[in-house]
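The values are calculated or read from the model by the stated rules, or taken from the named source; none is laboratory data. Only a predicted model underlies this, so the values are computations on that prediction, with no experimental measurement involved. A quick note on method: Cβ atoms are made from the backbone with ideal geometry, for glycine too, and the neighbour counts reach across all protein chains shown.
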Amino acid sequence: MLRFAAITPHPPMIVPDIGRSSLNLCRKTAMAMKAAGEKFRAVKADTIVLISPHGPARYDKFVINFSSVLRGSLKQFGDERKFVFENDRELINEIALAGKAAGLPTGLARETELDRGALVPLHYLFNEKDLAYSPKMVHLSHSMLPSEYHFRFGRALGDVLQGSSKVISLVASGDLSHRVTPDAPAGYSPQGRVFDKTLVELIQRKDAKSILNLDPQLVEDAGECGFRPILILLGALSNLRWEVKSLSYEAPFGVGYLTAILNIK
């Protein structure tokens with residue numbers, strides 16, 4: 001059963017040992033991520049399903065990481081904390097079968113190392129001192145197929161998660177536009193702010209249909225990495241009753257950071 005869902009950003013800068021003094025510039029996001037972590041830990045899920053745009057990916061199919069153990073750290077950025085998870089292969093098999101039954105190209109990869117799209121949210125979701133809590137994980141990646149495919153894959157995913165006897169948490173990791181301001185790392189586009197504002201407002205209104213039908217050129221011009229993970233998450237929630245419990249947005253470094261906790265009723 002699906003009990004927790006969230007949309008999270010993944011800039012290494014929001015990890016205290018990496019961002020240090022610069023963390024003050026994204027304090028709003030850090031506080032929102034702490035709140036998401038508290039809610040996540042209260043659920044005590046048996047498995048966390050995490051959608052990352054930086055995991056093993058294919059252009060023409062959805063990829064699920066089938067490695068028996070998933071591990072990683074942000075050591076390259078300056079944080080020494082290490083994460084190790086047992087993969088929930090039983091749940092992966094069910095997801096893969098559901099994807100294929102829905103006519104969606106679904107494949108498996110074996111990649112032991114977790115990417116930053118997974119590791120940054122995990123830093124806030126898990127309490128470093130709570131060693132007794134060690135759920136399994138499913139780590140999956142989006143494709144480059146049209147938006148409709150991602151929503152449909154999410155719907156198939158949601159059917160599996162909701163029908164499971166396990167308690168499950170679902171997290172979509174991704175940053176919004178990387179082109180919000182003139183000093184943004186991917187260069188500036190006026191469409192970056194338009195995309196972010198539009199997407200945030202539509203999520204607040206729970207208007208999944210309008211999100212699904214956003215102009216592909218607007219999405220392309222925004223230079224984002226979170227749109228497809230969010231589409232999968234919305235598809236997974238499409239047959240459930242849910243509400244936006246809290247939502248935070250800021251773009252202190254020219255990249256849009258959205259954190260949203262979604263209550264499942």
Inset, instruction - Would you check if A96 is buried (at least 18 other Cβ atoms within 10 Å of the Cβ), without any contact (Cβ under 8 Å) to a residue 40 or more places away in the chain and in contact with a strand residue (DSSP E or B) (Cβ under 8 Å, 6 or more places away or on another chain)? - result: yes
Inset, instruction - Could you tell me which numbered condition F4 fails, if it satisfies all but one of (1) of a type in the set (F, W, Y); (2) within 21 Å of L125 (Cβ to Cβ); (3) more than 16 Å from the chain's Cα centre (by Cα)? - result: (3)
Inset, instruction - Tell me, yes or no, whether segment 28-45 has at least one residue that is farther than 20 Å from D115 by Cβ and not in a helix (DSSP H, G or I). - result: yes
Legend entry - Those residues of segment 1-50 which are closer than 21 Å to Y249 by Cβ, surrounded by fewer than 16 Cβ atoms within 10 Å (Cβ to Cβ) and of a type in the set (D, E, K, R), in sequence order: R27, K28, K34, E38
Inset, instruction - With respect to I232, determine if the residue is out of contact with any Gly (no Cβ under 8 Å at 6 or more places or on another chain), of a type in the set (V, I, T) and closer than 15 Å to V171 by Cβ. - result: no
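Being in contact (Cβ under 8 Å) with a residue 12 or more places away in the chain and either surrounded by 13 or more Cβ atoms within 10 Å (Cβ to Cβ) or not charged (D, E, K, R) (or both) narrows it down to one residue among A102, A132; which is it?
A102
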Inset, instruction - For residues that are touching a residue at least 12 places away in the same chain (Cβ under 8 Å) and out of contact with any Gly (no Cβ under 8 Å at 6 or more places or on another chain), tally how many sit in segment 183-192. - result: 1
Legend entry - Residues satisfying the stated conditions in segment 236-255, i.e. touching a strand residue (DSSP E or B) at 6+ places or on another chain (Cβ under 7 Å) and either in a loop (DSSP other than H, G, I, E, B) or surrounded by fewer than 17 Cβ atoms within 10 Å (Cβ to Cβ) (or both): L237, L240, W242, E243, V244, K245, S246, L247, A251
Inset, instruction - Looking only at segment 205-226, decide whether some residue is buried (at least 24 other Cβ atoms within 10 Å of the Cβ), touching a residue at least 60 places away in the same chain (Cβ under 8 Å) and within 20 Å of I261 (Cβ to Cβ). - result: yes
Inset, instruction - Test each condition in (1) more than 16 Å from the chain's Cα centre (by Cα); (2) under 21 Å from S165 (Cβ atoms) for D130 and report the one that comes out false. - result: (2)
Inset, instruction - Filter segment 107-155 down to the residues that are of a type in the set (S, T, Y) and at pLDDT 95 or above, then identify the one that is nearest to I211 (Cα to Cα). - result: S147
